[in-house]
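K.L.:
Below are the structure tokens for one structure; questions will follow.
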Amino acid sequence: MYSFYIAQICYDYEVRFTYYTSKLPSHLKAKPEGNLKYALDLGMQILECEPDVLQTHAQNIAKKASNHHKCNTSEWFIPMGAALPDAAIGVKQLADDINTFVNGKMVF
């Protein structure tokens, strides 16, 4: 679950992170575990919605994200598995941030 890594970055940069999902298994709602628990501990919010509402919301955010260089948007949509053309840019930035952090040059 990549949401833990995104939650960590959002926590470090004091940015809100909302994870949209169509359904969270009842056992995880009752007792979050693993990366889900850690992401929640870092402040990740979970918003469950009906699949059609989720799809519409995702499309709207994706449209904003595709025009990110033209507008100032505060929402970004990351499809499941980070299957987004701009993902390579983010992955490189994440790798650079991790390397900088590991080398002790980044201060949060």
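K.L.:
Mind checking which pairs have a first residue in the range 36-48 that is touching a residue at least 40 places away in the same chain (Cβ under 8 Å) and a second that is surrounded by 13 or more Cβ atoms within 10 Å (Cβ to Cβ) and assigned to a helix (DSSP H, G or I), Cβ under 7 Å, 6 or more apart or different chains?
P.N.:
Short answer, once both residue conditions are applied: Met44/Ser3; Met44/Ala7.
K.L.:
On to the next question. Of all residues in the range 1-22 being within 15 Å of the chain's Cα centre (by Cα) and part of a loop (DSSP other than H, G, I, E, B), which is surrounded by the fewest Cβ atoms within 10 Å (Cβ to Cβ)? Full working, then the answer.
P.N.:
Keep residues of the range 1-22 that are within 15 Å of the chain's Cα centre (by Cα), which gives 1-21.
Checking the rest, the ones that are also part of a loop (DSSP other than H, G, I, E, B) come to 1-2, 13-17.
Working: Met1: 12, Tyr2: 12, Tyr13: 10, Glu14: 8, Val15: 12, Arg16: 10, Phe17: 18.
Within the range 1-22, the match that is surrounded by the fewest Cβ atoms within 10 Å (Cβ to Cβ) is Glu14.
Where a number appears in this text, it was derived from the coordinates with a stated rule and is not lab data. Here the structure is a predicted model, which means the values were calculated and not measured. For neighbour counting, all protein chains shown are included, and Cβ atoms are generated from backbone atoms with ideal geometry for every residue, glycine included.
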